[in-house]
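Here the structure is laid out as structure tokens; the discussion comes afterwards.
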Amino acid sequence: MDNTNYIALSRQMALWKQMDTVSNNMANMNTSGFKQDEAVFTSYMIQTPKAEGVGRVPLYFTEDYGTYQNFAEGPIVETGNTFDLALKGDAFFSVETDQGERYTRKGQFTLNSDGMLVTNEGYAVLSENNEPFFFAPGESEISITQSGEVMTENGVIGRLKLVRFADNQKLLKTAGTMFENVGGNAMRPAGDDAEVIQGAVEKSNVQPIVEMTKLIKLQRSYEYVQQMIDEEHDRISNTIETYAQLA
């Protein structure tokens, strides 16, 4: 296989990852708190022995650079549910999972059989004291203020642990709407930068029409590269066959 096919395959692999990323975005366009991903690529130059001289250039391959996470706020939709919470501003809810503390903007919470406030996956929602919230069986007048203070008819029981990070791009997506922080990425309380809205959820920030258009363009590009690979294969095959006939 010559350099042309190697370069084409590197581009095709990049297009495949982009299609996979866009498809995942579309699959989560109705997932509350989901943040859109974007695959990022760059050119990787290789200096070959024959790249010197007039009319000769180095080889440029497509290199997987990483993934950009779009943390723009999604639309906030009212639900009227007591434990549905939406966030405005640069902030995340803190939850305790089996793998440690994680962070999310999906505020669709509920109570488990023990009266503990949990996510749909059953993970405890943390207070600013790193403790879960528990509600007594008879408590019904539950309200959560814009600052995250949780109270019932019996008084205040705690405040939600709302955090922000020095660089959101350093957060690792461990599940659809869950993120893990990495060392060196400073975390601090969100403070007045965040506002909690009770009885509402933040929808996905994925724009379906944009993603569908993007997917169509990627599929066409993939087919074009495949056509180029097939034509190059035919060219090489015909060349070998011609030389064989002349031998």
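The values are calculated or read from the model by the stated rules, or taken from the named source; none is laboratory data. Given the structure is predicted, the values throughout are model-derived calculations rather than measurements. All Cβ positions, glycine included, derive from the backbone under ideal geometry; neighbour counts span all protein chains shown. Side chains are part of the model used for accessible areas, which takes the heavy atoms of the whole protein and leaves out ligands, DNA and RNA. Shrake-Rupley method; radii C 1.70, N 1.55, O 1.52, S 1.80 Å.
Only one of the numbered conditions (1) in a strand (DSSP E or B); (2) in contact with a Pro (Cβ under 9 Å, 6 or more places away or on another chain) is not met by ILE157, and that is (2).
Yes/no matrix, rows are residues, columns are (1) under 22 Å from the mean Cα position of the chain (by Cα); (2) touching a residue at least 12 places away in the same chain (Cβ under 8 Å):
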| residue | (1), (2) |
| --- | --- |
| VAL182 | yes, yes |
| ALA190 | yes, yes |
| MET212 | yes, yes |
| LYS217 | yes, no |
| THR242 | no, no |
| GLN245 | no, no |
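Summed over segment 111-137, residues that are among the aliphatic types (A, V, I, L, M), surrounded by 12 or more Cβ atoms within 10 Å (Cβ to Cβ) and without any contact (Cβ under 8 Å) to a residue 24 or more places away in the chain total 2.
Determine whether segment 140-152 contains at least one residue that is within 32 Å of the chain's Cα centre (by Cα), surrounded by fewer than 14 Cβ atoms within 10 Å (Cβ to Cβ), of a type outside the set (Asp, Glu) and outside any loop (DSSP other than H, G, I, E, B). Within segment 140-152, one or more residues are within 32 Å of the chain's Cα centre (by Cα), surrounded by fewer than 14 Cβ atoms within 10 Å (Cβ to Cβ), of a type outside the set (Asp, Glu) and outside any loop (DSSP other than H, G, I, E, B). One residue stands out among those in segment 82-110 that are open to solvent by 20 Å² or more (accessible area, probe 1.4 Å) and polar (S, T, N, Q): the one that is nearest to PHE34 (Cα to Cα), which is GLN108.
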